[in-house]
1. Please state which one of 53, 45 is out of contact with any strand residue (DSSP E or B) (no Cβ under 7 Å at 6 or more places or on another chain), at positive phi, surrounded by 11 or more Cβ atoms within 10 Å (Cβ to Cβ) and touching a residue at least 40 places away in the same chain (Cβ under 8 Å).
């Protein structure tokens, strides 16, 4: 499964593939939450994660899932982007 960090406007968002093990773990985590079909998103900055599947789903304002996804993203994002998202998840950015 491909995951996209919805962060930028005007340039491509970072994305990465989850391993089969990670996708299975994420699936179990998602079984315990309700994904919203609609939510108000900020115009700029962090807007959650997009799970590219059938159908695509957005993960936003679901802290446990977002923190899990950020952990899976760290090797792909680098320290600076990881910290930006971490601050946004803590309400400071």
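1. Values: 53 fails: at positive phi.
Result: 45 is the single residue among 53, 45 that is out of contact with any strand residue (DSSP E or B) (no Cβ under 7 Å at 6 or more places or on another chain), at positive phi, surrounded by 11 or more Cβ atoms within 10 Å (Cβ to Cβ) and touching a residue at least 40 places away in the same chain (Cβ under 8 Å).
Yes/no per residue for (1) closer than 15 Å to residue 2 by Cα; (2) more than 15 Å from the chain's Cα centre (by Cα); (3) modelled with pLDDT under 95:
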site	(1), (2), (3)
24	yes, yes, no
31	no, yes, yes
36	no, no, yes
40	no, yes, yes
43	no, yes, yes
48	yes, no, yes
60	no, no, yes
81	no, no, yes
90	no, no, yes
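The values are calculated or read from the model by the stated rules, or taken from the named source; none is laboratory data. Here the structure is a predicted model, which is why all the values come from computation and not from measurement. Cβ: placed from backbone, ideal geometry, glycine included. Neighbour counts: every protein chain shown.
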